[in-house]
1. Among the residues of the range 17-36, which ones are outside any loop (DSSP other than H, G, I, E, B) and in contact with a helix residue (DSSP H, G or I) (Cβ under 9 Å, 6 or more places away or on another chain)?
2. Sort through D79, D95 and tell me the only one that's over 20 Å from C4 (Cβ atoms), modelled with pLDDT of 90 or more and assigned to a loop (DSSP other than H, G, I, E, B).
3. Test V50 against the stated conditions and say whether it is farther than 14 Å from R83 by Cα, surrounded by 15 or more Cβ atoms within 10 Å (Cβ to Cβ) and touching a residue at least 40 places away in the same chain (Cβ under 8 Å).
4. Which ones in the range 37-75 are closer than 22 Å to T92 by Cα and part of a loop (DSSP other than H, G, I, E, B)?
5. Would you mention how many residues in the range 26-48 are over 9 Å from the mean Cα position of the chain (by Cα), modelled with pLDDT of 85 or more and charged (D, E, K, R)?
Amino acid sequence: MAICNILEDSRHTALQAEQVAAHLCTTGPVLPEGARLFLSGCADPGWRAVTVWDSTEARDRFIVERLVPAYEAVGLSFDGVRRTQFKVQMLTAGDLFGAPRPA
């Protein structure tokens, strides 16, 4: 069963969140292996990410191998990031880009 993971970090700025995201884009696929959904954005204050994973192992591998190093690369610590997890019962998504649909 898929799991949803929510990360929240109110300790850093929008610029630092952008730097973390930019670093992630250089270290592997934008949608990491084992991920079904990955969305993140700046909150006021800080940063939030909502991800859906095939397994906790895939999620943990991404955090250890890519997210923690991205934090460290911009001088931040991953310690203290608030983490919430739950089992996914349903995942649906509409047109997230607002593209016109064919008639």
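The values are calculated or read from the model by the stated rules, or taken from the named source; none is laboratory data. Because the structure is predicted, anything quoted here is derived from the model rather than measured. Here the Cβ is made from the backbone with ideal geometry for all residues, glycine too, and neighbour counts use every protein chain on show.
1. Those that are outside any loop (DSSP other than H, G, I, E, B) and in contact with a helix residue (DSSP H, G or I) (Cβ under 9 Å, 6 or more places away or on another chain): Q19, V20, A21, A22, H23, L24, A35.
2. D79
3. No; evaluated as a whole, the condition is false for this residue.
4. Passing the criteria: D54, S55.
5. Residues flagged as over 9 Å from the mean Cα position of the chain (by Cα), modelled with pLDDT of 85 or more and charged (D, E, K, R) within the range 26-48 amount to 2.
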